[in-house]
1. What is the set of long-range amide H partners of residue 117 at a cut-off below 5 Å, with H atoms built 1.01 Å from backbone N?
2. Say the dipole of the stretch 205-245 comes from +1 at the beta carbon of Lys and Arg and -1 at that of Asp and Glu; which of 214, 238, 224 then lies farthest toward its positive end?
3. How large is the translational diffusion coefficient of the stretch 45-163 in µm² per second when you combine the Kirkwood radius over alpha carbon pairs with Stokes-Einstein at 10 °C and 1.306 mPa s?
4. Pick from 86, 112, 94: which is most flexible by mean-square fluctuation in a GNM of the chain where alpha carbon atoms under 10 Å apart are linked?
5. Which translational diffusion coefficient, to the nearest whole µm²/s, is obtained for the stretch 110-250 from the Stokes-Einstein equation, given a Kirkwood hydrodynamic radius over C-alpha pairs, 4 °C and 1.567 mPa s?
6. Calculate the all-directions average of the projected area of the stretch 106-174's alpha-carbon convex hull, and give it in nm².
7. Under the rule of -39500 (n - 2.57) per DSSP H run of 4 or more residues, summed and divided by the residues of the chain, what mean residue ellipticity at 222 nm is obtained, to the nearest 500 deg cm²/dmol?
8. Would you tally the net charge around residue 220, using a Cβ to Cβ cut-off of less than 10 Å, leaving residue 220 out, and scoring K and R as +1, D and E as -1?
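The values are calculated or read from the model by the stated rules, or taken from the named source; none is laboratory data. Treat the numbers as computed from the prediction; the structure is a model and nothing was measured. Cβ coordinates were reconstructed from backbone atoms using ideal geometry, including for glycine residues, and neighbour counts include every protein chain displayed. With ligands, DNA and RNA removed, areas are computed over all heavy atoms of the protein, side chains included. Shrake-Rupley method; radii C 1.70, N 1.55, O 1.52, S 1.80 Å.
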Amino acid sequence: MSDLFADAVETLAKAKKTVALTGAGISVESGIPPFRGKGGLWEKLDPMKYAHIDAFLEDPETVWNVLIKEMKMVLDKARPNTAHVGLADLERMGILQTVITQNVDGLHQRAGNSDVIEFHGSFAWQRCQTCDWTIETSRVDLSEIPPRCRCGGILRPDCIFFGEMIPHDALLRSQQISAACDVMLVVGTSATVQPAASMPFIARDNGAVVIEINPEPTSLTRRISNLPLLGAAGTILPRLVKAMRRHQNA
C-alpha cells in the first residue's frame, strides 16, 4: 500500500490533466445509501415500479410518496464528507480539472468542485414537467404530493429515470475528457454500469494512469487499474491531499 500510495502521489504530481470518476461509494460516508448492491435501495424497492419514467408519468403521486420524498429527506440531511472535500481540494490545488459522477446528490458542487459532469442529472434540483422551471429540492414544499410548479405542472427530479436517455452532452464530454486525461481517479465505483463503466477504459486506452480508490477489489482492480488504493475514500483522499501539499511545498 505504501509503495502504491507513493507512486500515486508522484503520478499526480507529474500529471497535466487529471479527471475523477465517482460513484455511490463516495457518498455512502455522507449517509446516502447506494441504489445497487447489498443494502441498496433496489433491494427494498422495485426500480421498474417506482423509478421508471412510465411509472412516474402514470402515477406521480405514488412515486413521490414511495421514492422521491424519502430521497429528498435523505439528501436534505446529507453533507459533503472528507472524500468530496478532498476532490475539491485537489481542484483548488490545480491538480484535478473535472469530476465525472454517476451520483445525483450534488455533493461535489457543495464541496467546491466547479466542473462536474452529472451522468444521471441531479436530484438536488426539481424541474416542472410542463414549463421546465427549476427549484432546489431542499426548497420544495411537501404539503401537497406531488408538489407543483407555479404554473400548475408537476415537479420531477432533474435526474434521469429508468427508461430515459443519458444526456448526450454529458456523455460526449465525458468521453472526450476521459480520452484527453493522463490520470483518472476512480473513486467509490466498481464501474460496471454502462456507459460510465467505459470511461476508465477510454482513459487507459489513450495512455492515462488509472488510480482506483475503493474499499475492496473490483473488476477494474484486476483488469486495468495501475494503482489500486484499497480503503475508504474518506480516509485515502485526505491523505492524498496532504501528501500533494507537501510535494508542492518541497
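1. Hits under the 5 Å cutoff: 99, 100, 101.
2. After comparing all options, I get 238.
3. Translational D for this selection: 104 µm²/s.
4. 94
5. Values: Rh = 17.8 Å.
Translational diffusion coefficient: 73 µm²/s.
6. With the hull built on Cα positions only, its mean projection is 5.5 nm².
7. When only DSSP H runs of four or more count, the value is -10500 deg cm²/dmol.
8. +2
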